[in-house]
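J.: Take this structure first; my questions come after.
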Amino acid sequence: MSLGIPADFDNEKYIKYLNKIHKKIPREKMAVHIPTNIQKQLNKYEGYGIRCFGIDTIGLIEYHKEIFKSA
């Protein structure tokens, strides 16, 4: 969300920053949350220490969109 591209895990901007992080922190020490398209995204995050799945973040995204609309 902080990149302005929520849930767009194939976006070049997201991948660029993810690769920068990988240069500093090994995958096995990282956690990732895959909210949607789990089967499609699962292999991309092989080797991560923790892989969480589900749609909780989608609810958070939608909730924040509503807040910003009413502001």
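The values are calculated or read from the model by the stated rules, or taken from the named source; none is laboratory data. Bear in mind the structure is a predicted one, so any value in this text is a computation, not a measurement. Positions of Cβ are generated from backbone atoms using ideal geometry, with glycine treated the same way; all protein chains shown enter the neighbour counts.
J.: For residues in the stretch 6-61 being assigned to a helix (DSSP H, G or I) and of a type in the set (A, V, I, L, M), which is surrounded by the fewest Cβ atoms within 10 Å (Cβ to Cβ)?
T.: Ile21
J.: Which one of these does Gly54 not meet: (1) under 16 Å from the mean Cα position of the chain (by Cα); (2) modelled with pLDDT under 80; (3) on the phi < 0 side of the Ramachandran plot; (4) not basic (Lys, Arg)?
T.: So the condition that Gly54 fails would be (3).
J.: Ok, one more. Taking only pairs six or more apart or across chains, which ones have beta-carbon atoms under 9 Å, a first residue in the stretch 1-29 that is under 18 Å from His64 (Cβ atoms), and a second residue that is assigned to a helix (DSSP H, G or I) and hydroxyl-bearing (Ser, Thr, Tyr)?
T.: Met1/Thr57; Leu3/Tyr14; Leu3/Tyr17; Ile5/Tyr14; Pro6/Thr57; Ala7/Thr57; Asp8/Tyr14
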